[in-house]
Amino acid sequence: MTEDLEIVRGSGNVFHDFGRTNANLEQARAIIAKEIIRTLDELSLSTREAEKLTGVAYSEFSRIRNAKLSRFTLDRMIAILGKLDKNVEVQVTIRARQPDAFIPSSDTHL
């Protein structure tokens, strides 16, 4: 049972590749979450220890570790990194949408 597989080059944003409406925002959250998790791991901090160190509720660190990121704004996540003694530099690039980019129709709820 051999199946033919098609190899498709991704866009660099998995959320875009799967047609998510807020793909760039979701990717940004994922990148920042990765850095928060990396920092917790480097410092060998549990979520409870991170709470004591930063004043951020352990449940928020738990959500980040479990990739439950929809409740977080980018600025909140950047502030958490700051409380973990990390400096964050944000660079924004604005460009025209690509022709294949998602354009919501009038009946799409964002």
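Every number in this text was worked out from the coordinates using simple rules, so none of it is lab data. Model, not experiment: these values are computed from the prediction. Using ideal geometry, Cβ is built from the backbone for each residue, glycine included, and neighbour counts are taken over all protein chains shown.
Applying 1/(1 + (r/R0)^6) with r as the Cβ-Cβ distance of residue 69 and residue 95 and R0 = 22 angstrom yields a FRET efficiency of 0.35.
For the chain, the Cβ-based charge dipole about the Cα centre amounts to some 460 debye (Lys, Arg positive; Asp, Glu negative; other atoms uncharged). Think of the chain as having a plus end and a minus end, set by charges on the Cβ of Lys, Arg, Asp and Glu; of 14, 81, 2, 81 sits farthest toward the positive end of this dipole. A crude spin-label estimate for the pair residue 8 and residue 42, with each label 7 Å from Cα along the Cβ direction, gives 3.6 nm.
Plugging the Kirkwood radius over Cα pairs into Stokes-Einstein for the chain, at a temperature of 20 °C and a viscosity of 1.002 mPa s, what D comes out in µm²/s? Reported coefficient: 131 µm²/s.
Its relative contact order, with pairs defined as Cα atoms under 8 Å and 6+ residues apart, puts the chain at 24 percent.
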